[in-house]
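I have placed the structure first, in the form of structure tokens, so that the comments after it can refer back to it.
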Amino acid sequence: MMLRDHPEAITSPYLLQHVDNPVDWHDWSEATLAKADQLNRPLLISIGYAACHWCHVMAHESFEDEAAAALLNRYFIPIKIDREERPDLDAIYMSACQTMNGHGGWPLTVFATPDGRPYYAATYFPPVDRGGQPSFSRVVVTLADAYANRRSEVEAQADELAHAIGREARFLDLLTREDHETNITVDRALDTLMHELGERFDATLGGFGASPKFPRPSFVDACLAHHVRSGDERSLMMATTTLDAMAAGGIYDHLAGGFARYSVDASWTVPHFEKMLSDQALLIRSYVRAFALTGNEAYAQVASETISWVLRDLMLPDGALAASMDADADGIEGSHACFNRDLVAKALSDVSGTLELDEACAYYDISEGGNFEHGLSVPRRPRGAPLIRNDAEEATRIALLEQRMTRVQPARDDKVILEWNAMFLSALCEAAATLAHPAWAEAATNLDAVLSATMAPSGRWLRSRLADAAGPSAMLADCAWWLEAKLQLLELTGDGRYLSDAQALREYIMVAFADPEGGFFTTAEHEATTLVRAKDLIDGATPSGFATVARALARLATITDDADLLAMLGNSVHLADPMMERQASSVPDLIEALGFLEAGIEVVIPGAEPEFVNANAACFVPYRTTIIGSHDLAILAGRSATKAYVCQHHVCQQPASDATTLEAQLIDARRDASHS
């Protein structure tokens, strides 16, 4: 359909932003592809998301331009896709872009044959020739001419790219293990990962690689796991240096809480200001785990402030969570978040108990020349400065935030994404347990109730919705994180209904996504409307669906003593042994899933005694599954309600009669025996 003709059917705020463009945007559908085939017109596929700064720039420069739109409408069938609604399509066409250019990003701009095979792909194009880059209009005319007059070349290029996409999409099926006499162990994979990360680690500024710098919480989590299993201090240093640098930098919102998507520089100072729910969820988990391991109160503060920001600023009227907050406000990137000395003075005027003006500017590194644009500064803390605030510093933070809130605020993408909501729900459960925060536990059960009631109309699990309008069907990552969230709720509350929910999700996942030949497809069998039905293996800004479902199912299989499921998962995960052996940094979350399969630890607390529950939650233990309360499970048979048990593969140590003993057993169990 043409988007402007049916705005009421659109479930993406990003697509709604483009309804009034002069470009004749269509949705991705079989009907649109059939129209392209009938008219013998190629496709222009534009993929972005609502919070993306450069997506807004290209929209303003080119998609709102009448002349550029006329060219597109004359020669192409233009299609607009929200990458957050259709990550499967985004992954396929991003693969084409990376194949052609060696890199990718958003906005993603793809020229394809009427059946969807790409023949050219890139990212942003300027409105005029600039910096050696051709204008968008020039590219449109050139590629339209190629399709009309050099069809054989276009078809050859499309076939070549489609073949490359197919190989990457089914990469797991092409992996061979001829060099492996035995399965790789989790500790061998972790050692390989630490070696790769060590070569990329920025020992001064934290993070892995140069600018732009992205938070990679999975890398941090792997470093923490490697440290406790091996005793390697460098792994811990890589994790804490990175967490410290991000928490001090401008990528962290020191006034409101929460993290921007990435930093444009190596020092984490200037972010692209969009805030994604998924990033908050994964970073909360990393900071909570680091606090449990190190006792650093700053990590608990960062996690707490980030949770507060999500529950305050992303909470929708029905109790679900919005997808993101925009990078731009009033058409200017970061205008809602930056300060200069005059703005600080305005914020502090007539407010008592704050720092003096010079002290406040020094505290947040707000300088005369600024660290951003137009003499403005992104608030940050000087490297190495303490993050825990005294009363005057806290009063200053509140005053600056109140001044900031008087400005035009960024738009919010109110789309509810099941994957990201479940991801946050999982992190919230972990934070509630580790930091002993009952209000977060209540918030977690409330969010679960909302998602359970709204994300499966007519029995169809949704990937996303906008208010009451149902979006695309759930994909593997949605169901995998939903299963993970149910297991976290089971661990947090001991309520057996979450176990029943998890078992029902397992059945759906196995029917809709599992491949009898091994692994899991990204899309359900009845929803395959893409160029190729992919298997999601490589981790990106979020863990791959394959890694997430393998981890969640491994935990469920451990709880229910399902040996057949564990064996199937082991076979599937070990298909990726060559990746874990040679390119471990591509699959850190799959290594975590392997940890649950191979080195998983079960903590059984039948009586839900608070001293045991709290001691267990306060100790960081990789690959742990906790069973609390009374359930009809083999692992609980014959267990005393007044004791706690630390087990591995259902073989338990002597029962712990007190919290001190339990903690000692947990610390002993989490070590890799080969490093002892």
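No value in this document is a laboratory result; all are computed from the given coordinates. Remember, it's a predicted structure, so these values are computed and weren't measured experimentally. Reconstructed Cβ throughout: ideal geometry from the backbone, glycine too, with neighbour counts over all protein chains shown.
Label sites at E8 and D330, each approximated as a point 7 angstrom past Cα along Cα to Cβ, lie 3.6 nm apart. Placing a label point 7 Å from the Cα of E64 along the Cα-to-Cβ direction, the residues of the range 385-421 whose backbone N falls under 15 Å of that point are 411.
Here the dipole of the range 337-406 is about 300 debye; that uses its Cα centre as origin and unit charges on the Cβ of Lys and Arg (positive) and Asp and Glu (negative). The distance between label points at T406 and A148 comes to 5.7 nm (points 7 Å beyond Cα on the Cα→Cβ vector).
Take every DSSP beta bridge with both residues inside the chain and express the antiparallel ones as a percent of the total, to the nearest 5.
Working: 36 of 48 bridges.
Antiparallel bridges: around 75 percent, rounded to the nearest 5.
For the pair A541 and D515, the difference between a 0.36 nm per residue extended length and the Cα-Cα distance amounts to 6.9 nm. For the chain, the dipole from Cβ point charges (+1 on Lys and Arg, -1 on Asp and Glu) about the Cα centre works out to 260 debye, to the nearest 20. You can think of it this way: the chain between R234 and D173 has 18.4 nm of extra reach, that is 0.36 nm per residue less the Cα-Cα gap.
How much length is gained on full extension from A345 to H195, taking 0.36 nm per residue of separation minus their Cα-Cα distance?
On the way: separation 150, 0.36 × 150 = 54.00 nm, distance 4.82 nm.
Working it through step by step, the gained length comes to 49.2 nm.
Once both labels are positioned 7 Å from their Cα atoms along Cα-to-Cβ, the gap between H631 and E30 label points is 4.0 nm. Within the chain, the cysteines lacking any other cysteine Cβ closer than 4.7 Å to their own Cβ are C97, C223, C338, C361, C429, C479, C619.
Remark: for residue pairs K80/K535; K346/K415; K486/K535; K35/K213; K35/K415, the C-alpha separation exceeds 32 Å in K346/K415; K35/K213.
Can you give the translational diffusion coefficient of the chain in µm²/s, computed by Stokes-Einstein from the Kirkwood radius over Cα pairs at 37 °C and 0.692 mPa s? It would help to have the intermediate numbers written out before the result.
Values: Rh = 26.2 Å.
This corresponds to a translational diffusion coefficient of 125 µm²/s.
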